[in-house]
1. Send over the Kirkwood Rh of region 24-85, from the inverse of the averaged 1/r over different Cα pairs, rounded to one decimal Å.
2. Cβ under 15 Å from R261's Cβ, R261 left aside: what net charge do those residues give with Lys, Arg +1 and Asp, Glu -1?
3. Straight-line reach from K54: which aspartates and glutamates fall under 20 Å, measuring Cα to Cα and dropping same-chain residues less than 8 apart?
4. When Lys and Arg each count +1 and Asp and Glu each count -1, what net charge do the other residues less than 12 Å away from V58, Cβ to Cβ, add up to?
5. Can you list the lysines whose alpha carbon sits under 24 Å from that of K208, skipping same-chain ones fewer than 8 residues off?
6. What ranking, highest mean first, results for peptides 190-196, 204-210 when packing means the other Cβ atoms within 10 Å averaged over each residue?
7. Starting from one equal scatterer on each C-alpha and no solvent at all, send me the Debye-based log10 I(q)/I(0) for region 107-205 at q = 0.15, 0.17, 0.20, 0.21 Å⁻¹, two decimals.
8. Taking amide H positions as placed 1.01 Å from N in the peptide plane, with prolines and chain starts having none, which residues 5 or more places from Q59, or on another chain, fall under 5 Å of its amide H?
Amino acid sequence: MADRVAIVTGGSRGIGRGIAEALGALGWRVVVNYASNSKAAAEVVEGIEKAGGKGLAVQCDIGIAADRDRLVDETIGHFGRVDLLVNNAGVAPSVRADLLEAGEESFDRLIAINLKGPYFLTQRVAKEMVREVNKPKSKRPADLHPAIITISSISAYTASVNRGDYCVAKAGLAMMTKLYAARLAEYGINVYEIRPGVIETDMTGPVKAKYDKMISEGLTPIARWGKPEDIAKAVVAVGMGLLPFSTGEVINVDGGFHLRRL
């Protein structure tokens, strides 16, 4: 695992940070993408390197094509290839607005960052992975098993009428996973969707009291908040090639939220 290379978008905070640190602890070379907080990204890189991995912080707004290209170019230039792409970066609506009142500005922002960005970043990285797979065996790692993971949300199928733009973007990621899984299977590139539930991060901080109450009242069979490390463990399993005969798969990391109970 020590020579493997991962790009983790939104890797400076929350779930992304947990993923980047978990891979770093296994000796991975991890590109920590961040949008604006360079100090936080530098802290993650420092932690990765203390744990025995190698890190590189790259600023990039994944909603912008030129930034996406620069992210991949810097990764290839620094580490030579990409073994694992983790599409994690995403934003919440600036204001939770009722479906009948919500405006286009918020919709356009969320679609650009949460759906369009991952869609075309995956396209670019997939092309790099295909090139690597198609190299003569003598010029590529013997244990090469590239993979792509998209971190979506239970909002991919759970309707929240005060953040419809967010739900639509996450539902789009679910189909994106299926599309790329079907297209890339012939190259041995497996594609997965990890679907978190209620995870304790700075993004969910403003609604902590709400979810504390819901969890105590039975929202999930596993009666606790999820942690970034819960998501990271699923990513590590995929990154280590432990699901070789699965692709297009949804991995629910949600405390059992998805179960229908009577």
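Quick note: the coordinates plus some simple rules give every number you see, no bench work behind them. This one's a predicted model, so the numbers in the text were calculated from it and none came from an experiment. Backbone-built Cβ (ideal geometry, glycine too); neighbour counts: all protein chains shown.
1. One over the average 1/r among Cα pairs gives 11.8 Å for region 24-85.
2. On the way: positive: R260; negative: E217, D254.
With Lys, Arg at +1 and Asp, Glu at -1, the neighbours total -1.
3. D3, E21, E43, E46, D73, E74, D83, D143, E229
4. Numbers: positive: R68, R70; negative: D61, D67, D69, D73, E74.
Net local charge, V58 excluded: -3.
5. The qualifying lysines are K170, K227, K233.
6. On the way: 190-196: 25.4, 204-210: 11.3.
Per-residue mean Cβ counts within 10 Å order the peptides as 190-196, 204-210.
7. Log10 I(q)/I(0), no solvent term: -0.67, -0.80, -0.98, -1.05.
8. Result for Q59 returns Y34.
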